[in-house]
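The values are calculated or read from the model by the stated rules, or taken from the named source; none is laboratory data. Not measured: the values here are computed from a predicted model. Please note: Cβ atoms are built from the backbone with ideal geometry, for glycine as well, and neighbour counts cover all protein chains shown. All accessible areas refer to the heavy atoms of the entire protein, side chains included, with ligands and DNA or RNA removed. Shrake-Rupley method; radii C 1.70, N 1.55, O 1.52, S 1.80 Å.
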Amino acid sequence: MSDGLVVENIESFYGDFKALHGVSLALEPGKVLALIGANGAGKSTLLKSICGLVSPKAGRVTWRGRDITGLRGAQTVALGIALVPEGRRLFKSLSVEENLILGGQIGRSGPWGLQRLYDLFPILQEKRHQPATSLSGGQQQMVAIGRALMSNPDLVLFDELSLGLAPIVIKDIYAQLPKITGQGMSAILVEQDVTRALSAANQFLCLVEGRVSLAGAPQDHSRDAISAAYFGT
Amino acid sequence: MMQFTISRATITSRIAGVFALLLLAVLAAAPWWASSSFLHLAGEFAVYLALATLWNLLAGYTGLVSVGQQAYVGLGGYITFSLALFLGVHPLLAIPLAGLVAALVAIPVASLVFRLAGAYFAIGTWVMAEVFRLIAAQATALGGGSGISLPATVTKELGGKWLREASIFWLALALGAGCLALVYLLLRSRIGLALTAIRDSEVASTSLGIRIGRVKHVLYVLVAGLTAMIGALISLQKLRVSPDAAFSVNDWTAFVIFIVVIGGIGTIEGPIIGTIVYFLLREFLADFGTLYLLFLGTLAIVVMLAAPKGLWGYAAERFGWSLFPVGYRIHFKD
Amino acid sequence: MDLINIVLQGVLVGGLYALFAAGLSLIFGVMRLVNIAHGDLIVLAAYIAMEVIRLSGLPPLLALIFVVPVMAAFGYALQRGILNRTLGGDLLPPLLVSFGLSVILQNGLLAVFTADSRKLDAGVLETASLSFGGLSIGLLPALMFATAVAVIAALQFMFYKTALGRAFRATSDDAEIAELMGLDRRRVYAWAMALCLGVVAIAGVFLAIRSNFDPFMGPGRLIFGFEAVIIGGLGNLWGTLAGGVILGVAQGLGAAIDPGWQILAGHVAFLLILAIKPRGLFPRMDG
């Protein structure tokens with residue numbers, strides 16, 4: 001029995017479209033998994049199936065030895081799973097600080113709090129009373145990350161962390177990543193930039209059309225093998 | 001090589017078509033074989049069928065949920081009475097004229113209520129109907145708040161009792177069958193495809209180059225005109241108009257909505273099934289008065305929650321029935 | 001002087017219309033639901049108040065101590081039991097279900113209480129008046145208006161300064177992501193409806209003190225509330241108060257010309273504003 005995350009053979013639908021055809025993975029505590037694959041490969045659906053926004057039609061998701069398949073989002077967050085969603089999806093009628101407070105609303109105890117986040121991203125403290133969506137893209141991504149951390153999760157799912165951000169901002173955010181995951185937290189990282197994702201991860205999983213084409217540790221596979229798995233050739 | 005044929009009609013639909021024509025012929029002869037109470041009931045049935053079919057066209061296919069169609073029912077009645085009383089127009093001729101005038105009135109009305117989106121559109125149409133009702137109540141020449149009966153001099157123009165009852169029944173039959181046929185043909189046409197596209201996705205149909213606003217506008221006006229013709233007929237069935245009855249939200253909109261929801265919204269067959277269910281319930285339960293309405297409201301909610309596509313939608317999905325096929329079927333041969 | 005008086009009375013009545021509208025505005029803001037039975041719920045509250053008074057002998061305004069929680073609990077149950085099942089992308093289910101609810105409430109009240117007109121007796125409150133210079137203001141309308149201002153200020157505070165309001169705004173913005181903050185939308189919506197019916201209870205009691213009521217008054221109150229919301233601009237609570245005031249003044253002026261024109265003048269004012277400013281007089285910037 002693992003005390004991390006175990007996904008066994010799940011099948012999930014995105015609307016009427018079957019997006020996952022029996023996907024499995026295992027993630028130990030404190031490890032970072034890079035989830036790679038082309039657009040439409042099922043990466044987002046896999047993350048949503050883990051955090052409860054999508055309910056798998058078959059298979060099982062186990063978190064710390066507990067079956068969490070089909071739990072609602074409001075329940076998985078209480079068990080320590082947080083999502084940084086694609087496109088950030090900040091609450092537009094809430095200020096920066098209100099977004100963060102809401103993230104911590106479920107009241108799990110742990111290292112993260114408002115002040116610790118403001119230390120990590122000082123710009124957010126400066127702009128804490130502004131409407132969240134009035135910030136720049138990179139700053140909004142900081143709010144989205146902060147909002148997820150506020151729930152003091154043990155597993156964070158990052159969906160398209162750098163999408164639409166300037167390269168310098170991406171570099172900044174990745175520079176902060178070890179500070180975040182260094183707390184014994186596990187993470188799944190969905191990223192367009194495969195090289196960057198692999199360098200930040202201990203293990204990876206490549207999806208093609210809803211199926212796992214390759215999985216393992218980045219150093220165990222050649223670039224060519226990973227590239228072939230990515231394109232499904 | 002896979003072989004397939006494409007068809008529209010099914011055996012059921014062909015049988016249904018023949019049956020419908022036979023039924024229509026038998027009914028058309030009803031004044032010679034049926035009692036006057038049957039004619040009255042059948043006329044009322046046709047009126048509700050027509051109203052339900054038209055409301056379904058708006059709500060089920062274009063997403064325009066109106067709670068104010070009584071505006072046009074009442075308007076049709078009041079225009080008919082005005083034309084007959086003040087201009088001496090023959091009451092039967094007044095029916096199409098009422099439809100025309102009401103359609104003209106509906107053009108500016110549409111441009112106002114179309115500013116409200118979604119559910120607010122629904123209440124906006126209701127406000128319009130209230131405005132019409134209050135104006136009618138101010139029309140002292142038409143009896144003000146208590147309404148007016150058609151004077152005997154005008155009633156005489158409709159002929160003797162038999163002819164009057166027969167012609168009003170024939171008109172009801174023509175309007176009922178006509179609205180059904182119109183909607184059927186409309187949905188089979190190119191516009192029908194556009195309408196289904198609108199219903200299924202506004203975004204998709206925009207990219208298909210269909211001018212949604214235009215189609216909705218035209219349909220709203222068309223339905224208003226036809227609804228007013230039905231209203232004109234109702235006023236001749238009753239030989240009387242009054243603001244509260246002619247613009248009744250319960251009689252001309254609530255019941256109609258229940259009929260469509262129970263029968264199956266967004267299908268041609270739904271309003272027919274719904275009207276039959278409604279009349280059956282009414283025959284058996286109307287003695288219970290208030291409780292009957294409580295039951296009807298509850299039934300509508302239960303159907304909406306448990307079988308949102310109504311009785312017909314449920315049956316069609318289970319058994320693949322279709323009496324009025326508007327889509328195409330592909331049959332594969334292996 | 002007469003004109004000033006008419007306008008003043010209209011403004012005060014506008015407070016009652018704002019009370020009709022505030023709950024409507026709140027639930028539209030939180031869950032995009034337009035509840036056709038809203039007016040019938042106001043009338044239901046009036047009948048519940050009547051029964052509470054009959055059983056307890058309390059004066060009408062004190063009866064609110066019972067009526068508000070009863071209506072709020074009913075709202076919570078109604079949302080969890082029925083209305084939550086209708087919420088999705090489609091417009092029809094909530095509209096038609098609440099329409100069915102409206103018919104059920106009207107006929108249910110008719111079956112229990114008959115069609116007779118009722119009224120709540122508030123004693124001296126109804127006849128007492130305050131004088132300013134040459135103007136005389138009835139104590140009841142003044143209290144009604146002050147209550148409307150207080151209710152809207154309280155809702156405004158709740159919406160922008162409390163955890164519940166934050167949950168409402170977050171769920172309204174993005175219910176799916178709010179779910180990941182531990183907010184179960186079914187419960188958030190139920191709280192919104194509870195709050196809405198709490199306000200409805202206040203509106204119902206004032207309605208019943210001010211005028212006669214019967215089981216079929218609901219749709220008219222829904223329409224007044226709706227007009228106030230649209231005139232003021234969707235999503236703006238203070239705008240809703242302004243909308244109620246404009247409606248009240250228009251009706252007052254109409255009635256001064258001809259009693260038959262009272263309601264019609266209100267509708268005409270609404271349609272005029274709809275024609276000139278379709279988004280209302282004070283639309284919220286982010287829509």
Expected output for the stretch A:139-165 (first residue farther than 17 Å from A:Leu102 by Cβ and of a type in the set (D, E, K, R), partner at pLDDT 90 or above and assigned to a helix (DSSP H, G or I), Cβ below 7 Å, 6+ apart or cross-chain) is A:Asp159/A:Ser44; A:Asp159/A:Leu47
Evaluate the following for C:Phe99: is it of a type outside the set (A, V, I, L, M) and either more than 22 Å from C:Gln156 (Cβ to Cβ) or open to solvent by 30 Å² or more (accessible area, probe 1.4 Å) (or both)?
-> yes
Every residue from the stretch C:31-67 that is crowded, with 24+ Cβ neighbours inside 10 Å, away from every other protein chain (no Cβ under 14 Å) and charged (D, E, K, R) | none
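So that you can scan it fast, the table gives a plain yes or no per residue for (1) open to solvent by less than 10 Å² (accessible area, probe 1.4 Å); (2) modelled with pLDDT under 95; (3) over 18 Å from C:Ala275 (Cβ atoms):
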site	(1), (2), (3)
C:Val200	yes, no, yes
C:Ala203	yes, no, yes
C:Ala228	yes, no, no
C:Gly233	yes, yes, no
C:Asn236	no, yes, yes
Among the helices (runs of 4 or more DSSP H) confined wholly to the stretch A:80-170, which include 3 or more residues that are more than 22 Å from A:Val190 (Cβ to Cβ)?
-> A:96-103, A:114-120, A:122-126
Working carefully through the options A:Val190, A:Val208, find the one that is surrounded by 13 or more Cβ atoms within 10 Å (Cβ to Cβ), under 13 Å from A:Ala41 (Cβ atoms) and under 15 Å from the mean Cα position of the chain (by Cα).
-> A:Val190
Check whether at least one residue in the stretch C:59-73 is under 16 Å from C:Tyr189 (Cβ atoms) and not in a loop (DSSP other than H, G, I, E, B), and report yes or no.
-> yes
Criterion violated by A:Ile50 - all others in (1) crowded, with 23+ Cβ neighbours inside 10 Å; (2) away from chain C (no Cβ under 11 Å); (3) assigned to a loop (DSSP other than H, G, I, E, B) satisfied | (3)
Is it the case that B:Ala84 is modelled with pLDDT of 90 or more, more than 21 Å from the chain's Cα centre (by Cα) and of a type in the set (Gly, Ala, Ser)?
-> yes
Take the residues of the stretch B:281-332 that are over 30 Å from C:Pro215 (Cα atoms) and among the charged types (D, E, K, R): which is modelled with the highest pLDDT?
-> B:Lys309
Any pair with Cβ under 6 angstrom, 6 or more apart, that starts in the stretch A:175-191 at a residue that is touching a residue at least 24 places away in the same chain (Cβ under 8 Å) and ends at one that is surrounded by 14 or more Cβ atoms within 10 Å (Cβ to Cβ) and of a type in the set (Lys, Arg) = A:Ser186/A:Lys31; A:Val190/A:Lys43
Out of (1) in a loop (DSSP other than H, G, I, E, B); (2) under 30 Å from A:Ala132 (Cα atoms); (3) open to solvent by less than 30 Å² (accessible area, probe 1.4 Å), what's the single condition that is false for C:Asp90?
-> (3)
Scanning the stretch A:112-125 residue by residue, those out of contact with any helix residue (DSSP H, G or I) (no Cβ under 9 Å at 6 or more places or on another chain) and either under 13 Å from A:Leu165 (Cβ atoms) or open to solvent by less than 70 Å² (accessible area, probe 1.4 Å) (or both) turn out to be A:Gly113
Where a residue in the stretch B:131-151 is surrounded by 15 or more Cβ atoms within 10 Å (Cβ to Cβ) and its partner, wherever it lies, is part of a helix (DSSP H, G or I) and aromatic (Phe, Trp, Tyr), with Cβ under 7 Å and at least six apart = B:Ala136/B:Tyr78; B:Leu142/B:Tyr78; B:Leu142/B:Phe81; B:Ile148/B:Phe81; B:Leu150/B:Phe81
Name the pairs whose Cβ atoms lie under 6 Å apart, with the first residue in the stretch C:68-82 and at positive phi, the second outside any helix (DSSP H, G or I) and surrounded by fewer than 19 Cβ atoms within 10 Å (Cβ to Cβ), and 6 or more positions between them or separate chains?
-> none
Taking the condition in a helix (DSSP H, G or I), more than 14 Å from chain C (Cβ to nearest Cβ) and either in contact with a Leu (Cβ under 8 Å, 6 or more places away or on another chain) or among the hydroxyl-bearing types (Ser, Thr, Tyr) (or both), does B:Tyr61 pass?
-> no
Scan A:Arg108, A:Arg128 and give me the residue that is in contact (Cβ under 8 Å) with a residue 40 or more places away in the chain and open to solvent by 50 Å² or more (accessible area, probe 1.4 Å).
-> A:Arg108
B:Leu100 passes all but one of the listed conditions (1) without any contact (Cβ under 8 Å) to a residue 40 or more places away in the chain; (2) touching a Gly at 6+ places or on another chain (Cβ under 7 Å); (3) open to solvent by 50 Å² or more (accessible area, probe 1.4 Å); the exception is number (1)
Can you spot a residue in the stretch C:184-198 that is away from chain A (no Cβ under 14 Å), among the charged types (D, E, K, R) and open to solvent by 10 Å² or more (accessible area, probe 1.4 Å)?
-> no
Checking C:Ile263 against (1) touching a Phe, Trp or Tyr at 6+ places or on another chain (Cβ under 8 Å); (2) of a type in the set (A, V, I, L, M, F, W, C); (3) under 23 Å from C:Val205 (Cβ atoms); (4) facing chain B (nearest Cβ under 9 Å), the condition it does not meet | (1)
Residue check for B:Val241: open to solvent by less than 50 Å² (accessible area, probe 1.4 Å), more than 12 Å from every other protein chain (Cβ to nearest Cβ), among the aliphatic types (A, V, I, L, M) and closer than 25 Å to B:Ala71 by Cβ = yes
